[in-house]
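Step one of this worksheet: look at the structure below.
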Amino acid sequence: MLSRRALIAGAAAAGAAAAIAPAAKGRSTRPLAARGARIEKRTLYAGEMEVPLLGPGKPATKRFCAYNGTPLETWRFPKGTVLDVEFENRLPDSTTVHWHGVRVDNRFDGVPPLTQQVVPPGEKFHYEVPLADPGLYFFHPHCDESGQVGRGLAALLIVDDEPGSAPAFDLEQVIVVKDWRLGEDGQWLAMTTDDGASTAGTFGTVRATNASVAPARVEAPAHGDVRLRAIVADNTRVIDFGCDAKDSALIACDGHAIEPVHFDALPDAVWRMGPAMRADVHVRMPGPGEEVKVYDYRSAEPFLLMTLVAVDKGKPKLPFRPLALPPPDLPQADVRRARKLDFTIQTAAGATILAPPLPDGDPLAKALVNSFCVGGKTFWAINRTSWAAGPDLRLPPPLNVLDDGASYVLSISNVTKHVHPMHLHGHVFKVLSSTKKPNLPQVLADTMVVEPNETLDVAFKATRGDWVFHCHILEHMDSGMMGWFKIA
């Protein structure tokens, strides 16, 4: 496997329906208008369509899933907006909407049966989505994720900084990494297999960028500043994101600004991204006529994602200084007073559940997970506790009961042979340390790759609600690698 550094050097249920009735309709107890927020009303629907994923002259793919009839639709709003979203399910199966990385009220987090019921075909659900944090986010279902996300059901959400507060770039370019599991006839193959679910995941057969099998060539001003906003929207693939430009820096992780880090200072000179992770990168373009190639270096040969072509616009050549984004304003843990919680992500250990059960009076004690939302078998666990799968649809007890407003350090140890991008709903955590990557920057994130035989420590300040913690390789989540925290 050729590394980026080497190339540069060488080449230059409803079972809980009654219990969660307040969330069943998704209605707030306090009207949005009463909060004095900037309200944007939006309609959103999920449906199927036909899309030529294999390119011109090839068979079109049927039953592609999209929001509002647009593959990989993008919504963009200024910081401080509150989205008032009326969602309608036009799919033939149940679904929900999860606003990934956005700090929503727990009732709008989209996770059945914890926060709402599934939305059946033809039914509607109301979401309120406050956009308090600038950055790149996305939304997707949290039921049958392997199937619905695998067939395209995801959309981007960009939240802009306050006017005048962020540096100006000459070009902004989004890069969506998402593969397709298609046969030669352009139709869908099975999105999950036992071999894939129990190992590294079931990979796509067709690699694509921005839903296209042909990597785009994008013009940018020579000597100009380009902001790349990359997201891995794939079910399975973990990538090593980078480019062949010497002047490039990571400036945000999962939407949240960091002190810029030159790529040569990152582990292996790339930024490792698993499913659901996002990265903002500042690239300084070379001289007129030259190119910058953006790659996934985590493959037998670097896979080209996009080519940036430098076009003369009269810009002078200046020393490269990464442009820093405005610092984030987020609840952050008091690490000195934080309670440490140890979690082992592992292969499943049968039906063993070590977490203490909920009291009988808790509404979720008898909740069942909708069978359509999970996989058919259990392969994975967190602390020997597995999410519902197969015939056992009981909601497992919470991994821990935490205190609202308290600080915690999660020490996450991966004792499996495969990487696991671990995602915590409803929170932004700070990466503190890694046992395998001593130069890993202390980024703010909601999803982070944990390597085999690695222990990753992250810190967060707890916010009230029932929040899930899971691997974002979707088959791993569907086959057991998900738990939840009750924060009260």
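Read-outs throughout are calculated quantities, based only on the coordinates presented, and are distinct from any laboratory measurement. The structure displayed is predicted, hence computed values, not measured ones. Heads up, the Cβs are rebuilt from the backbone with ideal geometry, glycines too, and the neighbour counts pull from every protein chain shown.
So for region 335-487, what percent of the C-alpha to C-alpha distances run longer than 19 Å?
In whole percent, the long-distance tail amounts to 51.
Could you give me the radius of gyration and the Dmax of region 171-311, taking only the C-alpha atoms into account and expressing both in angstrom?
Expressed in Å, the Cα Rg and Dmax of region 171-311 come to 15.8, 50.
Can you give the Rg/Rh ratio of region 228-375, where Rg is from the C-alpha atoms and Rh is the Kirkwood radius? Provide the component values of the computation, followed by the final result.
Values: Rg = 22.0 Å, Rh = 19.5 Å.
In region 228-375, Rg relative to Rh is 1.12.
Which percent, nearest 5, of DSSP beta bridges in the chain are antiparallel?
Working: 86 of 123 bridges.
Once the DSSP bridges in the chain are tallied, antiparallel ones form about 70 percent.
Compute the normalised compactness of the chain: alpha-carbon radius of gyration over 2.2 N^0.38 Å, N being the residue count.
Relative to the rule-of-thumb radius for its length, the chain sits at 0.94.
If pairing requires two Cys Cβ atoms under 4.7 Å apart, which cysteines of the chain are left without a partner?
CYS65, CYS243, CYS253, CYS471
On a straight-distance basis, which aspartates and glutamates could pair with LYS293 in a cross-link, Cα separation under 13 angstrom, same-chain partners fewer than 8 positions away excluded?
In chain and number order, the partners are GLU219, ASP244, ASP247.
Ranking TRP188, TRP380 by Cβ neighbours within 10 Å, fewest first, what do you get?
Lowest to highest Cβ neighbour count: TRP188, TRP380.
Toward the positive end of the charge dipole of the chain, about the Cα centre and with charges on Cβ (Lys, Arg +1; Asp, Glu -1), which of LEU72, ALA211, LEU395 goes farthest?
Highest projection toward the positive end goes to LEU395.
Sorting PHE108, PHE372 on the 10 Å Cβ count, fewest up front, what's the list?
PHE372, PHE108
Given R₀ = 22 Å, FRET efficiency for ASP170-ALA132 by Cβ-Cβ distance, to 0.05?
For R0 = 22 Å, the calculated efficiency reads 0.20.
Determine which lysines satisfy two conditions relative to LYS377: a Cα distance under 26 Å, and not lying fewer than 8 residues away in the same chain.
LYS178, LYS366, LYS417, LYS486
Given H placed 1.01 Å from N in the peptide plane, which residues other than close sequence neighbours of ASN235 have an amide H under 5 Å from its amide H?
Result for ASN235 returns ASP179.
With labels modelled as points extended 7 Å from the Cα through the Cβ direction, what inter-label distance (nm, one decimal) is found for ALA300 paired with THR344?
Going from the ALA300 label point to the THR344 one covers 3.6 nm.
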